[in-house]
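The values are calculated or read from the model by the stated rules, or taken from the named source; none is laboratory data. Since this is a predicted model, take the numbers as computed values, not measurements. Cβ atoms come from the backbone with ideal geometry, glycine included; neighbour counts cover every protein chain shown. SASA here: full protein model, heavy atoms, side chains in, ligands and nucleic acids out. Shrake-Rupley method; radii C 1.70, N 1.55, O 1.52, S 1.80 Å.
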Amino acid sequence: MNKKGKIIGLAGLVGGALLLTACNSFCSENDISNYLYNYDPINTTFFETTEQGDDFVFETFQKQKDVDLSQLDKSTFKVKVYDQATRKYEIKDYSSDLVFRQINTDLYALNAIEITAPNATLLDKNSKRNDITVTFGLNSFTSSLIEACKKNGIMTPNLRFWQELDDVFLSYIDEQNTADKAYDWLKDVSLSNITYAQMNGYTYEALDSYRTEPTQEKLNKLLNGDSTEEAKSSTLPGRYYSFLTTLGHNKFFNEKDSLDAKNKPNYYAHLEKWNDDLVSNGIIDADEAMSANFLNTYKNTLASKVSTLKTCITVEDGFYGHTSNDPLNDSVFIEGKGYDFYQGWGEAFAKHGFLEGLFVYPIATMTENFAHAFGMNGGGQILAVLLTTVIIRLLFMLVTLPSTLSQQKMQMLQPEIAKLQQKYPNANSNNYEKQKMTQAQMALYKKYKVRPALTFLTLIVQFPVFISVWNALQGCASLSSDAFLGLRLSDTIWGVLSNFTGWPGNGGWWTALILILLMSAGQVCAMFVPQWLNKKRNSTIQKLGKSNTQQDQNKTMKMTQWIMTIFIIIMGFSLPSAMGVYWFAGALFNIIQSIIMHFVLLKRLEKGR
């Protein structure tokens, strides 16, 4: 029986490990393209006037490290400019006409360009330079990608390429908006009349005020503008409903022209086409555009960022996720997948798999509804996970009731087992007595319908439930929004603990530490409490000898419990924090259940006597 139990337990562990990679993401093509655009948005920075742009350029130099600010003089700035006629770069004096391009009468764009401050004396006395050059017109993703490629000897596009690429991208989404008119608040907007507020969702003055003195009220205004869920503002839509946020995902996916021959999404079809068009139309030389190696690196880098995305299950459309530490540009638009629960449930089975339909989608949808009901403020998400845990544990308790009853019966039979031990005192050393005692014990189990193997079968049932709960909580979009005491439930505990930025003032770090300690303590207590209660309950039972069979079963059970406990603690570091909350709450549930069953069993034992 022990050998069989070990094999079953091992099979459960292996099966569970395989299931770890079995569950699929619920992210749609639009969800993924929104994430991609948030990682690699437009490179261009816009302004309402060139005066605002000039101030931005000067402030950028002021923010550089080791620069003597007293030596900065904008009138001495030099600009590296591309001459289309000679197809060469020239160094010219700073001029707004060279640095900015006009989109329309109300909107200007900062060119992708290098600007040098020749008299910016460096404070580092060991430096042999007395100037500093800053590159404008590249987002943080593009900048880091170019730097990484240069280190690896991969040829990178020149600055002008990114500017031309942005212009093509803007023209494309402008055409899509004009043709589709899918968004009422943008139906009359085009590049010929778009304002800064419509492009970005807020005024430049509001953005500058937030950067100078950030507050939650100012942030909410930047994100929502004058828009509401019922009506979006066409003049001040907020970042959530701006021209770029609403249409930006078209850079990576549009179902009309981003599907391959097998009807699967090609998220880089537009970039490949625009890259080729810029070269074939003579706008960019071939050695200035994306090379094959650079394009592959670009794809692989972005693919690695979205390959593990699963936070896409939500009951309604909204902005969720966590892609950066900038709260203004942190979240992305996720399509609702719970408007019609039964339709979504059917699609979960059909598109994603059996476990996804049976457990993942219902658990995630339930958690999402709870989170929205309790309030999306961090604490609401915690309450949602706790309530979901209680419901799952109650249902699981009903499923495992036969195993629980079997364990109770085994405890009730301890006096009978003690009599057998007294009858066969030499079972530990005498093979004949050992065999006779084993047969008698098995007969006793059979008479009272005790099935020790149910314990191991219960472990096997736990694994798919554990995997499903993990994927459900990982898939909940609401858990990736807001934070509880600085900790997002979508963040891994190890990811937070290994980040010492702002420590020790980083509240999220301490919250993660407390959570993993509580979860670990809860798991250990949940393992030992039943053992302590059993020891107390059986303290009056005379033990005249020990059965090897019983001894082996106890060792196997303890070993399995330790393996499971250690496994859960280790996984608690690497899985989303929501799983830490789930395991802590589950441990408390198990402790309470063990105490209740202890007193129920005591009453039964008293009646039996």
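Being over 12 Å from residue 67 (Cα atoms), modelled with pLDDT of 85 or more and either polar (S, T, N, Q) or assigned to a strand (DSSP E or B) (or both) is the filter here, so list the residues in the stretch 110-133 that pass it.
110, 111, 113, 114, 115, 116
Mind listing just one residue for me: the one in the stretch 497-514 that is of a type in the set (Phe, Trp, Tyr) and open to solvent by 60 Å² or more (accessible area, probe 1.4 Å) and, of those, modelled with the highest pLDDT?
If we take residues in the stretch 497-514 being of a type in the set (Phe, Trp, Tyr) and open to solvent by 60 Å² or more (accessible area, probe 1.4 Å), then 510 is modelled with the highest pLDDT.
Suppose we filter 368, 433, 416 for residues that are without any contact (Cβ under 8 Å) to a residue 60 or more places away in the chain and either touching a Phe, Trp or Tyr at 6+ places or on another chain (Cβ under 6 Å) or open to solvent by less than 10 Å² (accessible area, probe 1.4 Å) (or both); which single one remains?
433
Quick one: count up the residues across the stretch 270-290 that are of a type in the set (Val, Ile, Thr) and surrounded by fewer than 20 Cβ atoms within 10 Å (Cβ to Cβ).
2
Residue 480 versus (1) out of contact with any Gly (no Cβ under 7 Å at 6 or more places or on another chain); (2) under 30 Å from residue 569 (Cα atoms); (3) crowded, with 18+ Cβ neighbours inside 10 Å: which is the lone unmet condition?
It fails just one condition, (1).
If the Cβ limit is 6 Å and pairs must be 6+ apart or interchain, which residue in the stretch 187-207 that is touching a residue at least 24 places away in the same chain (Cβ under 8 Å) pairs with which residue that is of a type in the set (Asp, Glu) and surrounded by fewer than 20 Cβ atoms within 10 Å (Cβ to Cβ)?
Every condition considered, the pairs that remain are 191/174; 195/106; 196/48; 204/48.
I need every pair where a residue in the stretch 499-512 that is under 9 Å from residue 485 (Cβ atoms) has its Cβ under 7 Å from the Cβ of a residue that is assigned to a helix (DSSP H, G or I) and of a type in the set (A, V, I, L, M), sequence separation at least 6 or different chains.
508/496
When you scan the stretch 398-496 for helices (runs of 4 or more DSSP H) that lie fully inside it, which ones turn up with 3 or more residues that are modelled with pLDDT of 85 or more?
Counting at least 3 such residues, we get 454-475.
This table checks each residue for (1) open to solvent by 20 Å² or more (accessible area, probe 1.4 Å); (2) among the polar types (S, T, N, Q); (3) more than 22 Å from residue 229 (Cβ to Cβ); (4) under 19 Å from the mean Cα position of the chain (by Cα).
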position: 335; (1), (2), (3), (4): yes, no, no, yes
position: 344; (1), (2), (3), (4): no, no, no, no
position: 360; (1), (2), (3), (4): no, no, yes, yes
position: 395; (1), (2), (3), (4): yes, no, yes, no
position: 406; (1), (2), (3), (4): no, yes, yes, no
position: 427; (1), (2), (3), (4): no, no, yes, no
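Among all residue pairs at least 6 apart or on different chains, which show Cβ distances below 7 Å where the first residue, located in the stretch 250-267, is at negative phi and among the basic types (Lys, Arg) and the second is surrounded by 10 or more Cβ atoms within 10 Å (Cβ to Cβ) and part of a loop (DSSP other than H, G, I, E, B)?
Short answer, once both residue conditions are applied: none.
Among the residues that make up the stretch 526-540, is at least one of them buried (at least 20 other Cβ atoms within 10 Å of the Cβ), in contact (Cβ under 8 Å) with a residue 40 or more places away in the chain and under 30 Å from residue 25 (Cα atoms)?
Looking for residues that are buried (at least 20 other Cβ atoms within 10 Å of the Cβ), in contact (Cβ under 8 Å) with a residue 40 or more places away in the chain and under 30 Å from residue 25 (Cα atoms), one finds none in the stretch 526-540, hence no.
Anything in the stretch 312-341 that is out of contact with any Lys or Arg (no Cβ under 8 Å at 6 or more places or on another chain), within 15 Å of residue 369 (Cα to Cα) and among the hydroxyl-bearing types (Ser, Thr, Tyr)? List them, or say none.
320, 339
Restricting to the stretch 293-341, count the residues that are among the hydrophobic types (A, V, I, L, M, F, W, C) and either over 17 Å from residue 381 (Cβ atoms) or in a helix (DSSP H, G or I) (or both).
10
Give 19, 10, 36 a once-over and let me know the one that is within 35 Å of the chain's Cα centre (by Cα), at pLDDT 80 or above and at negative phi.
Of the residues listed, the single one that is within 35 Å of the chain's Cα centre (by Cα), at pLDDT 80 or above and at negative phi is 36.
Suppose we filter the stretch 319-372 for residues that are of a type in the set (A, V, I, L, M) and in contact with a Ser or Thr (Cβ under 8 Å, 6 or more places away or on another chain); how many remain?
8
Residue 210 is checked against (1) touching a Ser or Thr at 6+ places or on another chain (Cβ under 6 Å); (2) of a type in the set (Phe, Trp, Tyr); (3) in contact (Cβ under 8 Å) with a residue 60 or more places away in the chain and fails just one. What number does that condition carry?
Residue 210 satisfies all of (1) touching a Ser or Thr at 6+ places or on another chain (Cβ under 6 Å); (2) of a type in the set (Phe, Trp, Tyr); (3) in contact (Cβ under 8 Å) with a residue 60 or more places away in the chain except (1).
Kindly provide the set of residues from the stretch 70-100 that are within 15 Å of residue 111 (Cα to Cα), in a helix (DSSP H, G or I) and open to solvent by less than 80 Å² (accessible area, probe 1.4 Å), ordered by number.
96, 98, 99, listed by residue number.
Can you name the residue in the stretch 139-184 that is assigned to a loop (DSSP other than H, G, I, E, B) and closer than 30 Å to residue 235 by Cβ and is also most open to solvent (accessible area, probe 1.4 Å) among such residues?
181
Among the residues of the stretch 185-195, count how many are surrounded by 14 or more Cβ atoms within 10 Å (Cβ to Cβ), out of contact with any strand residue (DSSP E or B) (no Cβ under 8 Å at 6 or more places or on another chain) and of a type outside the set (Val, Ile, Thr).
Looking only at that region, the number is 3.
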